[in-house]
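Structure first, commentary second.
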Amino acid sequence: MSELKELTQIFKKNNKENDLGSSLIKKAWEFASVAHQNQKRLSGEEYITHPMKTAIILAEWDMDIETIIAGILHDVPEETEFTISNIKSEFGSEIAKLVEGDTEIGHIKYRGVERYAENLRKMFIAMSRDVRVIIIRFADRIHNLKTLQYHPNPQKRYRIALESLEIYAPIAGRLGMYKIKEQIEDLSFKYVYPLEKKWTIEQLKSQLETRTISLKKIRYKIIDLLEKNDINFIKVYGRKKKLYSLYKKLLRKEKDIYKIYDLIALRIITNTKADCYTILGLIHNNWQPLNGRVKDFISQPKPNGYQSLHTTILNEDHNPIEIQIKTQAMEKVSEFGIAAHWRYKDKKIDINKKEFSWMKDLVKWQQKIKNNKDYLKSIKLNTDIFKSCIFVFTPKNDVIELPERSTPIDFAYHIHTDVGNKCIGVKINNKMSKVNTELKNGDLVEILMDKNRKLPNPDWLNFIRTNTAKEKIKNTVSRARKEKNKNFIKRIKGYIKR
Ligand code: MN
């Protein structure tokens, strides 16, 4: 089946009788096909297959039409002669912005911890504007991983898989997108740790059968119990732990498969929160829960929004089984995290809102990574970073962190005293702007300098925000005064001598 047909079918299934959407998909496919004409993937396929498969993944995640269209167009500005403004005039500004956001993140590469932090910040900026940009990124990455075997260079295969494991997967996890996280991990696993993957499969095989049988038995018993007690439920099913996630857990548990209680877990999906607690009570009435294994993530959700009740019981055959109880809405969030949320709420994330407090957790987590490295210890990160800080770009695409309401002059002195002292103007997002303009998250700032200029303008002190800039201006001025005095004294001395 052609990709266009497949995509249209999935879209129609999720959006009944949305003909407008279907025709928009066709239009985007035509546009991207022309743009990518004569380009090939490493697999030898036409390039257009890649953006189409990306869009198919987005449709499978039930994303909205704008995101799907942006998925089809995501590589156009970077790989073809067509531009964002072409896209804007054909598809409107919302879609153009999504594509632009994707293009702006650029190539994220794993180059050690410092770059890593920088990459995370780029992602944060994109996210705080529109979280859908990140979701397009994930879909793009998943298709690239699925076709990674066509990459001729083993080192590159390794690097791409590694950055997926080290950057993309953790971010997906922190956003609560577990399904996406697990997919990225399992696709990367064999390229980064081939032997470990084989070993993990062997461990799994040794236990899978007994545990599956055990799970089936208890599944019937639980369904029976629920029916007897007249409790409505939507479904009860088993889920197998994904390979990479199992591997990581084995490392934490002395490589002992018997210590993995959630190798297979039983999920009970209910209609209401109250049902969740009732069912938990019933289960504990009939089976003894293991100590310390009962967790209430409903009253205390994980920072990324995950909600569920967890308990582990010992089956009659002495196999431990983890049971997860949640409503259907919680189930969706547990798989798609923020992607499940945004449809019902704002498309933009206001990180100062309470429900997104996990974003702050993300920053704390980033801080933890930084602190592991001595050379980065000196960089103190404020956990309220998003409240009090903005991130802007230099023309070289470096990310600069500044307090909110900072101006181009603050930016200039942050870069270097000389850049500040010689500043005669500024371009913000390629437009000439006033030097007292308040900078916004994600602005691209270019300082224009006059090499011959020596002294800052004292008026700047009236609007700048940072102490760094204030101090540097004052120092420069007072040093200039002193020098002037010195020169004066020198001259006088010379005069006297003469
Ligand atoms: Mn791509």
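The values are calculated or read from the model by the stated rules, or taken from the named source; none is laboratory data. Keep in mind it's a predicted model, so treat the numbers as computed, not measured. Virtual Cβ from ideal backbone geometry, glycine too; neighbours counted across all protein chains shown. Note: areas computed on protein heavy atoms with side chains; ligands, DNA, RNA excluded. Shrake-Rupley method; radii C 1.70, N 1.55, O 1.52, S 1.80 Å.
Could we say that Ala32 is within 26 Å of the chain's Cα centre (by Cα), modelled with pLDDT of 95 or more and more than 12 Å from the ligand (Cβ to nearest atom) here?
no
For every residue, the table says whether it meets (1) on the phi > 0 side of the Ramachandran plot; (2) modelled with pLDDT of 80 or more; (3) not assigned by TED's automatic domain parsing to the domain that holds Val477; (4) not in a helix (DSSP H, G or I).
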site: Leu381; (1), (2), (3), (4): no, no, yes, yes
site: Phe391; (1), (2), (3), (4): no, no, no, yes
site: Asn397; (1), (2), (3), (4): yes, no, no, yes
site: Ile400; (1), (2), (3), (4): no, no, no, yes
site: Arg405; (1), (2), (3), (4): yes, yes, no, yes
site: Ala412; (1), (2), (3), (4): no, yes, no, no
site: Asp418; (1), (2), (3), (4): no, yes, no, no
site: Lys440; (1), (2), (3), (4): no, yes, no, yes
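Need at least 2 residues that are without any contact (Cβ under 8 Å) to a residue 40 or more places away in the chain and closer than 28 Å to Trp287 by Cβ per element, so show me which helices (runs of 4 or more DSSP H) inside segment 159-269 make the cut, counting only ones lying wholly within it.
Ranges flagged: 194-228, 243-252.
Yes or no, residue by residue, for (1) in the same structural domain as Met177 (by TED's automatic domain parsing); (2) among the charged types (D, E, K, R); (3) at positive phi; (4) open to solvent by 60 Å² or more (accessible area, probe 1.4 Å):
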site: Asp230; (1), (2), (3), (4): no, yes, yes, yes
site: Val236; (1), (2), (3), (4): no, no, no, no
site: Leu250; (1), (2), (3), (4): no, no, no, no
site: Asp262; (1), (2), (3), (4): no, yes, no, no
site: Arg293; (1), (2), (3), (4): no, yes, no, no
site: Phe297; (1), (2), (3), (4): no, no, no, no
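Condition first: open to solvent by 30 Å² or more (accessible area, probe 1.4 Å) and either of a type in the set (Ser, Thr, Tyr) or not in a helix (DSSP H, G or I) (or both). Now tell me which residues in segment 20-47 satisfy that.
Result: Ser23, Ser33, Gln37, Asn38, Gln39, Lys40, Arg41, Leu42, Ser43, Gly44, Glu45, Glu46.
Any idea how many residues of segment 303-323 are farther than 15 Å from Ile260 by Cα and either touching a helix residue (DSSP H, G or I) at 6+ places or on another chain (Cβ under 7 Å) or surrounded by 15 or more Cβ atoms within 10 Å (Cβ to Cβ) (or both)?
Taking segment 303-323 first, the residues farther than 15 Å from Ile260 by Cα are 303-309, 316-317.
Now narrow it down to the ones that are either touching a helix residue (DSSP H, G or I) at 6+ places or on another chain (Cβ under 7 Å) or surrounded by 15 or more Cβ atoms within 10 Å (Cβ to Cβ) (or both): 303-309, 317.
Residues flagged as farther than 15 Å from Ile260 by Cα and either touching a helix residue (DSSP H, G or I) at 6+ places or on another chain (Cβ under 7 Å) or surrounded by 15 or more Cβ atoms within 10 Å (Cβ to Cβ) (or both) within segment 303-323 amount to 8.
Checking Asp186 against (1) at pLDDT below 90; (2) touching a helix residue (DSSP H, G or I) at 6+ places or on another chain (Cβ under 7 Å): exactly one of these is not met. Which one?
Only one criterion is unmet by Asp186, namely (1).
Among the residues of segment 58-104 satisfying the criterion of being in contact (Cβ under 8 Å) with a residue 60 or more places away in the chain, part of a helix (DSSP H, G or I) and more than 15 Å from the ligand (Cβ to nearest atom), which is least open to solvent (accessible area, probe 1.4 Å)?
Among those that are in contact (Cβ under 8 Å) with a residue 60 or more places away in the chain, part of a helix (DSSP H, G or I) and more than 15 Å from the ligand (Cβ to nearest atom), it is Phe91.
Scan segment 140-164 residue by residue and report those that are away from the ligand (no atom under 13 Å from the Cβ) and basic (Lys, Arg).
Across segment 140-164, the qualifying residues are Lys156, Arg157, Arg159.
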